[in-house]
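What follows is a single structure, written as structure tokens, with notes after it.
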Amino acid sequence: MNEDLANIQYSKVRDYKYSQWFEETQYNGKTLSDDERRELVAIIDETIAHYSKGLPLSRNLLESIKDQHGEFHEIERTVVSVMQFVLITMIDSMVASKYFILANGDYDRRFMRGKLMVILNEGFKRLYGFDDKTYKKSEWDRLLPLMGHFPEVINRQYQELTFHLEKLAKTSSWWRDERNLETHMDAEKLYESRQEEVIESKVMMDSMKLFQTLSAVNSFLTNVHTCLFNFLVTKYRCGEIKEK
């Protein structure tokens, strides 16, 4: 164990081009074949399995520092908490997308499309918000007070992502009307809403809009956590942290 700690190395902060996650994809009218549908479900299953691995790790880390309230641990707690939200929302959107694809009955597909729209709306609202009121309750706003503790590269990336998130908040309603109808259960209006034609490929493209946005944020948060890790490495090398 001591030898492992002695050989510990700094991790690299990656220079991501975040614009790639926010490129618009237009629906081209394509209908998925049965083979393409099965292939898509397999990819979704792999994606769910991949990101699910991070949930117990974030939970265990939060549990391990729950009684530690120094400045570093407060920063770490916020970062990991936001990461946990991002992971859960990414996974939930993929699960809803999967069962939309797998649904056989017409009502089932319309139901799953509606519930997916709820995740898309609520997910972005909690991530960034749509106005001053929702922004102040967002996960993204929780990170802003921490940026003074991080290097310039992280602050630049935070600003770049803020630009993209703000643009999304202003140029899309994120299926607000559908979300309201699905959650308020006004039967007549809900029925009318669900009569809209179900275009499988378009629904999946809509779901990817949130997933890609969260993927960009997840990559940024990985960089942020890398900085926290590197800080501890420096402390250890300076003898300020001792192995137990």
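The values are calculated or read from the model by the stated rules, or taken from the named source; none is laboratory data. Keep in mind it's a predicted model, so treat the numbers as computed, not measured. All Cβ positions, even for glycine, are placed from backbone atoms using ideal geometry, and neighbour counts span all protein chains on display. Calculation scope for accessible area: heavy atoms of the full protein, side chains included, ligands and nucleic acids excluded. Shrake-Rupley method; radii C 1.70, N 1.55, O 1.52, S 1.80 Å.
In this structure the chain gives 59 Å² per residue of accessible area when probed at 1.4 Å with all protein chains present.
Only protein heavy atoms count here; on that basis, with a 1.4 Å probe, residue 19 has an accessible area of about 60 Å².
Applying 0.36 nm per residue to the separation of residue 201 and residue 176 and subtracting their alpha-carbon distance, the gain on full extension is 7.0 nm.
Using only side-chain charges placed at the Cβ, +1 for Lys and Arg and -1 for Asp and Glu, the dipole size of the chain relative to its Cα centre rounds to 460 debye.
Could you tell me the calculated FRET efficiency between residue 23 and residue 136, based on Cβ-Cβ distance and R0 = 30 angstrom, to the nearest 0.05? Intermediate results must be reported in sequence, preceding the final value.
Working: r = 29 Å, r/R0 = 0.97.
Calculated value: 0.55.
When we measure straight from the Cα of residue 189, which aspartates and glutamates land under 19 angstrom away, once same-chain ones fewer than 8 places off are left out? Straight-line reach from residue 189, under 19 Å: 106, 108, 177, 178, 197.
A Förster radius of 41 Å, combined with the Cβ-Cβ distance separating residue 14 from residue 111, puts the computed FRET efficiency at roughly 0.55.
Leaving ligands, DNA and RNA out of it, report the carbon-plus-sulfur percent of the accessible area of the chain at a 1.4 Å probe. Display every interim value, and only then the final one.
Numbers: 7420 of 14330 Å².
In the chain, the share of accessible area belonging to carbon and sulfur is 52 percent.
Stretched out straight at 0.36 nm per residue, the stretch from residue 55 to residue 208 would grow longer than its current Cα-Cα span by 53.0 nm. Of the residues 135, 191, 18, the one with the largest accessible area comes first in the ranking 191, 135, 18, computed with a 1.4 Å probe on protein heavy atoms. Once all protein chains are placed together, residue 108 keeps about 80 Å² accessible to a 1.4 angstrom probe.
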